[in-house]
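FYI, it's all coordinate maths here, none of it is from the lab. Note that the coordinates shown come from a computational prediction; the quantities given were computed from them, not determined experimentally. Please note: Cβ atoms are built from the backbone with ideal geometry, for glycine as well, and neighbour counts cover all protein chains shown.
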Amino acid sequence: MSTATILQHLKKHGQLRDAEIAQALGLGLGVVRTSLDALSASGEIACCNVTRYNDGKPVQEILCRMSGYVPPAAPGRKPKS
């Protein structure tokens, strides 16, 4: 269940960190990371490891997005070339 929920959340919100997904969906970080590993292995999402620094302390996170998904263009006027 959590993999489908995570896929829908990524499709709706775009590129997110694992901590953001866990907080938004109310899931544990371990559950989210396990689901992200499974989704990445199946090729449904693309992931990379990132290091953020909070008050000088390194925090390892996973940044992920949908594979091959291009969000629709925003409505409104487009810039002229």
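Answer with yes or no whether Gln60 is surrounded by fewer than 14 Cβ atoms within 10 Å (Cβ to Cβ), of a type outside the set (Val, Ile, Thr) and outside any strand (DSSP E or B). Against the criterion (surrounded by fewer than 14 Cβ atoms within 10 Å (Cβ to Cβ), of a type outside the set (Val, Ile, Thr) and outside any strand (DSSP E or B)), Gln60 does not qualify. Contact map, the stretch 1-20: residues that are part of a helix (DSSP H, G or I) paired with residues that are crowded, with 16+ Cβ neighbours inside 10 Å and hydroxyl-bearing (Ser, Thr, Tyr), Cβ distance under 6 Å, separation 6+ or inter-chain. Pairs shown: Ser2/Ser35; Thr3/Ser35; Ile6/Ser35. Restricting to the stretch 26-51, name every residue that is assigned to a strand (DSSP E or B), free of Cβ contacts under 8 Å to residues at least 24 places away in the same chain and not hydroxyl-bearing (Ser, Thr, Tyr). Answer for the stretch 26-51, where residues must be assigned to a strand (DSSP E or B), free of Cβ contacts under 8 Å to residues at least 24 places away in the same chain and not hydroxyl-bearing (Ser, Thr, Tyr): Ala46, Cys47, Cys48, Asn49.
Only one of the numbered conditions (1) more than 11 Å from the chain's Cα centre (by Cα); (2) exposed (fewer than 13 other Cβ atoms within 10 Å of the Cβ); (3) not basic (Lys, Arg) is not met by Thr3, and that is (2).
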